[in-house]
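The values are calculated or read from the model by the stated rules, or taken from the named source; none is laboratory data. Quick caveat: nothing in here was measured; it's all calculated off a predicted structure. FYI the Cβ positions are ideal-geometry reconstructions off the backbone, even for glycines, and counts take in every protein chain you see. Side chains are part of the model used for accessible areas, which takes the heavy atoms of the whole protein and leaves out ligands, DNA and RNA. Shrake-Rupley method; radii C 1.70, N 1.55, O 1.52, S 1.80 Å.
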Amino acid sequence: MVETAPYITLEELAGLFEVILFDSDGVLVSWSCAVTHAPEAIDFLNSSEKQYFVLTNDASMTAATRAARYAELGLAIDAGRIISSGMLLTAHFARHGLRGARCVVLGTEDSISFVEDAGGVVARSEADFDVLVIGDQDGFPLLEFTGNVLGALFRKIASGEIPHLVLPNPDLYYPVGDGYGFASGAIAAMFESALAQRFPNQPGLTFSRLGKPHPEIFEEAMRRSGARNMVMIGDTPGTDIRGANNTGIASVLVDSGTAPIDLSTLPPSDMPAYRLKSLAL
């Protein structure tokens, strides 16, 4: 495939689109610091009163926690501009009649708060629940807790009960310093593999995935902004770019990600409309 996405600047994007959407990791922040030019870019958008939102698959932090973290890194981003996959649980629970359901949550305290805000009731025991939510890969003893939950799932399914499985963040991995770590999507894949082997003919044993590239997080940005003329700036073709393209939103691949992207290797679904060298104005 021929590389066809032209380079553009953030200032030019601000003139073309009513709303700008940013991915977080790799675009605004990189591990323990802000990405070069990100603070200036955010200051520019704030001063020009441009509508923008941060769309992150990370469901480990509430908007308030994340905004405070951004502030520590020099990014003046209001909590109201942050849309995380954890926030999508509220609409998901309402749509599937899960308010009041007993939930086991794998994740941080903020992951648990997303479930409670959605109307879920955190189960007192990992052996007795109606809903399993994988909110994050941290915040619990991985092998012990997942083993206990898997055993409970096996017993429930064998008795004819199918718990609801929800995965806000479908990412399989995430950047950590110069390397990578397994994300919550990898934990969900582990559960799904075990369930498929134990119950090969049983439908409904997969997680409902909410974050990018799925449409719910982009639709929430449309709802909040009241606009569809928006552009998504991301560093990952298979999530940021694909999700925007599939939702009818313009997409921009930024070169600040952890690894260079060769556009000639991308399928049409992951091809950005534009490219950014950086967030420099």
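At q = 0.11, 0.21, 0.24 Å⁻¹, what log₁₀ I(q)/I(0) does segment 108-209 have when each alpha carbon counts as one equal point scatterer in the Debye sum? Taken in order of the listed q values, log10 I(q)/I(0) reads -0.33, -1.20, -1.52. At an R0 of 45 angstrom, the distance between the Cβ atoms of Trp31 and Ser159 translates into a FRET efficiency of 0.50.
A straight Cα-to-Cα reach below 26 Å connects Lys212 with the lysines Lys50, Lys277, residues fewer than 8 places away in its own chain not being considered.
Subtracting the Cα-Cα distance of Leu16 and Asp138 from 0.36 nm times their residue separation leaves 40.0 nm of extension gain. For segment 13-165, evaluate the Debye formula with one uniform point scatterer on each Cα (no solvent term) and list log10 I(q)/I(0) at q = 0.09, 0.10, 0.14 Å⁻¹, rounded to two decimals. Rounded to two decimals, the profile gives -0.37, -0.45, -0.75.
Other residues within the sphere of radius under 15 Å centred on the Cβ of Glu109, judged by their own Cβ, net out at -4 (K and R +1, D and E -1). The residues Cys103, Cys33, sorted by heavy-atom accessible surface at 1.4 Å with ligands and nucleic acids left out, run Cys33, Cys103 from largest to smallest. Quarter the surface of the alpha carbon convex hull of segment 1-62 and you get the mean projected area, 6.0 square nanometres.
Candidate membrane-span-like segments in the chain, meaning DSSP H helices with Cα atoms spread over at least 15 Å of their own axis and a Kyte-Doolittle mean of 0.0 or above, are 142-158, 184-198, with no membrane implied.
Residues Leu276, Leu142, Leu73, ordered by accessible area of protein heavy atoms at a 1.4 angstrom probe radius and largest first, appear as Leu142, Leu73, Leu276. What a 1.4 Å probe finds exposed on segment 15-75 is 53% carbon and sulfur by accessible area, rounded to a whole percent. Accessible surface for Glu161 stands near 70 Å², nearest 10, in the context of the full protein assembly shown (1.4 Å probe).
Computed over the alpha carbons of segment 232-275, Rg followed by Dmax gives 9.1, 26 Å.
Neighbours of Tyr174, meaning other residues whose beta-carbon lies under 10 angstrom from its beta-carbon, give a summed charge of -3 when Lys and Arg score +1 and Asp and Glu score -1. Dividing the convex hull volume of the alpha carbon atoms of segment 132-280 by its residue count gives 158 Å³ per residue.
The trypsin sites (Lys or Arg not before Pro) found in segment 178-281 that occupy coil by DSSP, while having at most 15 further C-beta atoms within 10 Å, are Arg228, Lys277.
Rg/Rh, computed from the Cα trace of segment 51-101 with Rh as the Kirkwood radius, has the value 1.08. Based on the Kirkwood radius over alpha-carbon pairs, what is the Stokes-Einstein translational diffusion coefficient of the chain at 4 °C with 1.567 mPa s viscosity, in µm²/s? Once the numbers are plugged in, D ends up at 66 µm²/s.
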